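The values are calculated or read from the model by the stated rules, or taken from the named source; none is laboratory data. Bear in mind that the values here come from a model prediction, so they are computed numbers and not experimental data. As a convention, Cβ positions derive from the backbone with ideal geometry for all residues, glycine included, and neighbour counts pool all protein chains shown. All accessible areas refer to the heavy atoms of the entire protein, side chains included, with ligands and DNA or RNA removed. Shrake-Rupley method; radii C 1.70, N 1.55, O 1.52, S 1.80 Å.
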Amino acid sequence: LRFRLAGYPRKHNEGRVEVFYNDEWGTICDDDFTLGNAHVLCRHLGFVAATGWAHSAKYGKGVGRIWLDNVNCAGGEKSIGDCKHRGWGNSDCSHEEDAGVICKDERIPGFKDSNVIEVRKLLARIPRSTLGGGWSGKGVGAWQAPCVTPGTGQGARPAHAAAGRVAGDTCTATGHAGCGSGLLSPHRLFTERQQLNYRLHSVSCSGTEVHLSMCSFEFYRGNTSAACGSGMPAVVSCVPGPLFAAGSAHKKKQRQQQQGQPRIRLKGGARVGEGRVEVLKSSEWGTICDDRWNLLSASVVCRELGFGSAKEALTGARMGQGTGPIHLNEVQCRGTEKSLWSCPFRNITQEDCKHTEDAAVRCNIPYMGYENLIRLSGGRSRFEGRVEVAVGAGDGDQPRWGLVCGEGWGTLEAMVACRQLGLGFANHGLQETWYWDASNVTEMVMSGVKCAGHEMSLSHCQHHGASLSCRNTGTRFAAGVICSETASDLLLHAPLVQETAYIEDRPLHMLYCAAEENCLASSARLANWPYGHRRLLRFSSQIHNHGRADFRPKAGRHSWVWHECH
């Protein structure tokens, strides 16, 4: 059984339920429908639970068969087929009674969206009888090598977009590996003198595919060790994008290139290479509507930003709602474009889209191994703990784990640590962690950490290096973090400030409260209280939360101080 959400208008986590049964898509009738049914269906769709359901074809009438009627689930069933119903295809309903569900916007851990392309999809195109146990999408067993025949030019073109492991090589063909560009070329593997088994040959990519499985290829049958007689195993050499390239000269050049303002950016994502797509038009940043948003258009965005091809094309404001105008709608890239602005699109009108439909992407990025150099210990969950970093891990040496000095440690440093760990955003950066004293690691190995917040690893931030300087070297003063997959994103409503701002001359005897709260300039201390006046700039303000989590102040409500003048 396969399931999908359909209909319009809807968000990504709601819609008409359609089920693929007996090689045909169909709907479910709303007779006797319950929240228990919705729970089971939402789990099929990859969400943790349901928050509601809809009747009478709220999301539009479906077409084709009505597969299920009078469905009655308790809510704990593993499959909708385990629930009571009238039987597959047995229904007295019309499509005006198509049922819909509203799922909680929280994914089941490990669930993959249908628009995520995996190496295993490549295997689906090769009959199992030819595969044997040789090729494993998880890297178990022996990898099979694609064949490159010298002189044919097959595979010798830039593999900018293609993806998939080549002869078990660490860096996959460049787009899927997140590298900026690369070249598939024939090399003799002097280092590996074992017998190679070949599965694929005549692989031909245009260079715009988001995955190797989308290229044309042929496969060998029978004795694969005797195949590719006139060729060699294909080897891919990857070139990392500018964000991941080592060397200060390159970074200096990159900074110079970035001085011209970019016209596209990602916002709201916790990890490198993911976020809501925002574009600059008429000196104003805006978003893109998710109508017709797909992997081809998302891959153009990813490559334009220096990443590989797109891993996911996200709809329904999955990376938070943007603000301001929605500049583009129905973007339809072919995949060959150098910039999103070269793709066909439709200009937006007021009634077309809302920010609940903002498009987002997750890009493939190079595997840098940064997450192997950091870990958390002592926390109640994997999202929190005392920070431990590995030092001296070069040249095959065993890494030495140590603590980070908590002096000066704050939210920016915690943001980098959470990003390096792959755990999302930082909720808190903690300078004392005596309550997480559960590890035998006691040595401080890093101090003076000062991050800008955008770095991919703590080692990229400023720090004291080998000459440690930490006033309190006890383990209780080691740095810690609390990470979160979602976060609030507060934004000041700037136009309101401009519209309401005015100047007021106010007598000093009415400003004692403001003085106590340090709301006046320092020169107010020299005034002749309570005589005279101060000139104030006054305005109203609104702050909006456009993130994917509620905003909770760090100080609990019990510790807030209320003043009479507020």
Out of W67, C42, G89, whose Cα points farthest toward the positive end of the dipole of the range 2-103 (charges: +1 Lys, Arg; -1 Asp, Glu; placed on Cβ)? C42
Please list, in order, the residues from the range 442-457 whose amide nitrogen is less than 18 Å from a point placed 7 Å along the Cα→Cβ vector of A466. 444-448
Which of the aspartates and glutamates could be linked to K58 by a straight reach, that is with a Cα gap under 18 Å, when you skip same-chain ones fewer than 8 residues away? E14, E18, D30, D31, D32, D69, E96, E97, D98
Quick calc, C519 & K281: beta-carbon distance into FRET formula, R0 45 Å, rounding 0.05, result 0.70
Using mean Cβ contacts within 10 Å as the protection proxy, how do 376-387, 275-286, 461-472 order, highest first? 376-387, 275-286, 461-472
Residues meeting the amide H criterion for K311 (H placed from the backbone, H to H distance under 5 Å, 5 or more places apart or on another chain) are R362, C363, N364
Return the long-range amide H neighbours of F47 (sequence gap of 5 or more, or a different chain), with a cut-off of under 5 Å between placed amide H atoms. I108
Tell me, what is the 1.4 Å probe accessible area of K267, in Å² to the nearest 10? 80
Solvent-free Debye scattering, log10 I(q)/I(0), computed from the Cα coordinates of the range 491-566 at q = 0.16 Å⁻¹: -0.84
Each residue of the range 263-277 in order: what ³J(HN,Hα) in whole Hz does its phi give by Karplus 6.51 cos²θ - 1.76 cosθ + 1.60, θ = phi - 60°, with x for Gly and Pro? 10, 8, 7, 10, 10, x, x, 7, 10, 4, x, 9, x, 6, 7
Across the range 353-360, in residue order, what do the Karplus-derived ³J(HN,Hα) couplings come to in whole Hz, using 6.51 cos²θ - 1.76 cosθ + 1.60 with θ = phi - 60° and x for Gly and Pro? 9, 10, 5, 5, 10, 5, 7, 9
Quick one: length gained pulling Y502 to S488 fully straight, 0.36 nm per residue minus the C-alpha distance? 2.0 nm
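Using r as the Cβ-Cβ distance of S79 and R221, and R0 as 30 Å, what FRET efficiency do you calculate, to the nearest 0.05? Can you show the working numbers first?
Working: r = 36 Å, r/R0 = 1.21.
Efficiency computed from Cβ-Cβ geometry: 0.25.
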Long-range amide H partners of Y220, meaning residues 5 or more apart or on another chain whose placed amide H is closer than 5 Å, are L200, H201
Roughly how far apart, in whole Å, are the Cα centres of the range 478-546 and the range 63-104? 56
Just report the Cα centroid separation between the range 342-421 and the range 260-333, whole Å. 19
Please compare each pair in K61/K104; K61/K311; K11/K354; K281/K338 to a cut-off of 20 Å on the Cα-Cα distance and tell me which ones are over it. K61/K104; K61/K311
Volume per residue, Å³, of the convex hull around the alpha-carbon atoms of the range 376-468? 103
Listed residue (A494, Y531, A515) projecting farthest to the positive dipole end of the range 492-545, Cβ model: Y531
Rounded to two decimal places and with Rh computed the Kirkwood way over Cα pairs, what is Rg over Rh for the range 299-437? 1.11
Stokes-Einstein D in µm²/s, Kirkwood radius over Cα pairs - the range 262-363 at 20 °C with 1.002 mPa s viscosity: 166
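Report, in debye and to the nearest 20, how large the dipole of the range 492-545 comes out about its Cα centre when Lys and Arg carry +1 and Asp and Glu carry -1 on their Cβ. Numbers along the way, then the final one.
Working: 5 positive and 5 negative charges, 31 e Å.
The dipole magnitude comes to about 140 debye.
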Might you tell me the accessible area per residue for the range 492-545, computed with a 1.4 Å probe and given in Å²? 77
